[in-house]
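Before I ask anything, here is the structure I am working with.
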Amino acid sequence: MKTTFSVKLSQLIKTHHLNTIYLPRDAREIEISSSEVNRPGLQLAGFFEYFDNKRIQIIGKSEYAYLELFSKNERNDRLQRFFSYKPIAVVVARGMDIFPEMVEAAKKNGCALLSTELGTSEFSSTLISALNVELAPRITRHGVLVEVYGEGILILGESGVGKSEVAMELVKRGHRLIADDAVEIRRVSARTLVGTSPENIRHFMELRGIGIINVRRIFGIGSVKVTEQINMIIQMEQWDSKKIYDRMGLENEYTEILGNKVPLLTIPVKPGRNLAIIIEVAAMNNRQKVMGYNAAQELLAKLGLDDDIPDAVKTDEWGFEK
């Protein structure tokens, strides 16, 4: 499985509306593989220990003002030394004028030189956020991803258990489809997983007995979404009369995806169960638990069974975790 990813510089130029000052080759051939960026103040001062030339370098007002302190020859020497380390790309922020010495150094050393009208902090945060998504570790899982009341629900289960059918019912009830059959999951932070659909099958769904349908065409643009955070996983399985299913929901069960823990519910499937409504309720109940309220705990407290409540999930009289 591929563990490292990259994004083409041409995509970043288009997405962030960057102005091209100089490109050593086609931007589609330049690939960015680091999600971190750098402001090269120390490097312009001559300190290159731990310098990572794979990071995009952002020159802001401070770096620009520092370069203005020097004569043309001294500025040229500092820029030539900086660009000799061949940074993958250098972006000048705030739409500031580009020093001729900077253009010359970029051309001599074959480095991409760009500019943006955005302020340094705004551009840095926007760029880092985009790189974290584009370069995030990822896997593909067989399942369906839907948004229900603002909660991203990943529905898993064996082929033929009814994942697509329940997703279709949810779409009819006003919720949104993100992916069917193949869900690409990205770990964009230590706490956040984001799911999307491979572009070539986006908005398509397979329904046994009908075939392939385009959800966006049938139900409109409001029925689909490109990406969504994964807040909960629902595992659908055929009802097993010998298995004991959780009837209280006092404690959350979790599963790990790419090292992140996600709440997991196992929902048994049998004729007569309205799974769409059950998933709607599960989504709302999960949000309440995230906010600190647990209905099962409140019921046990009302019945005088506080001792049966694990300390890890106890809440105060307002229903919030202690």
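What follows is calculated from the coordinates using simple rules that are stated; it is not laboratory data. Source: prediction; values computed, not measured. In this analysis, Cβ positions are derived from the backbone assuming ideal geometry, glycine residues included, and neighbour counts consider all displayed protein chains.
Hand me the GluC sites (Glu not before Pro) from region 71-125 located in a DSSP loop with no more than 13 other Cβ atoms within 10 Å, in residue order please.
The qualifying sites are E117.
Provide the FRET efficiency to the nearest 0.05 for the L69-S10 pair, computing r from the beta carbons and using R0 = 30 Å.
Efficiency at R0 = 30 Å is approximately 0.30.
When N counts the residues of region 1-92, how does its alpha-carbon radius of gyration compare numerically with 2.2 N^0.38 Å, as a ratio?
Compared with the compact-globule rule of thumb, region 1-92 sits at 1.17.
Per 10 Å bin from zero, what fraction in whole % of the C-alpha pairs of region 163-312 is there, up to the bin with the longest pair?
Result returned by the calculation: 9, 32, 35, 17, 5, 1.
How many Å³ per residue does the convex hull of the Cα positions in the chain occupy?
Dividing the Cα hull volume of the chain by its residues yields 190 Å³.
How many angstrom lie between the C-alpha centres of region 117-174 and region 260-293?
17 Å
Right, here's the next one. Loop-only chymotrypsin sites (Phe, Trp or Tyr not before Pro) in region 22-55, please: DSSP not H, G, I, E or B, and at most 12 other Cβ atoms within 10 Å.
Counting only loop positions with at most 12 other Cβ atoms within 10 Å, the chymotrypsin sites (Phe, Trp or Tyr not before Pro) in region 22-55 are F47, Y50.
Follow-up. So if I average 1/r over every pair of distinct C-alpha atoms in region 218-274 and take the inverse, what Kirkwood radius in Å does that give?
14.2 Å
Using the structure shown, select from K163/K225; K86/K261; K54/K225; K225/K289; K8/K172 the pairs with a Cα to Cα distance greater than 28 angstrom.
K86/K261; K54/K225; K8/K172
Which whole-number percent is the relative contact order of the chain (Cα, under 8 Å, 6+ apart)?
Relative contact order for the chain comes out at 13 percent.
Restricting things to alpha carbons, find the Rg to Rh ratio for region 125-217 using the Kirkwood radius for Rh.
Ratio of gyration radius to Kirkwood radius: 1.00.
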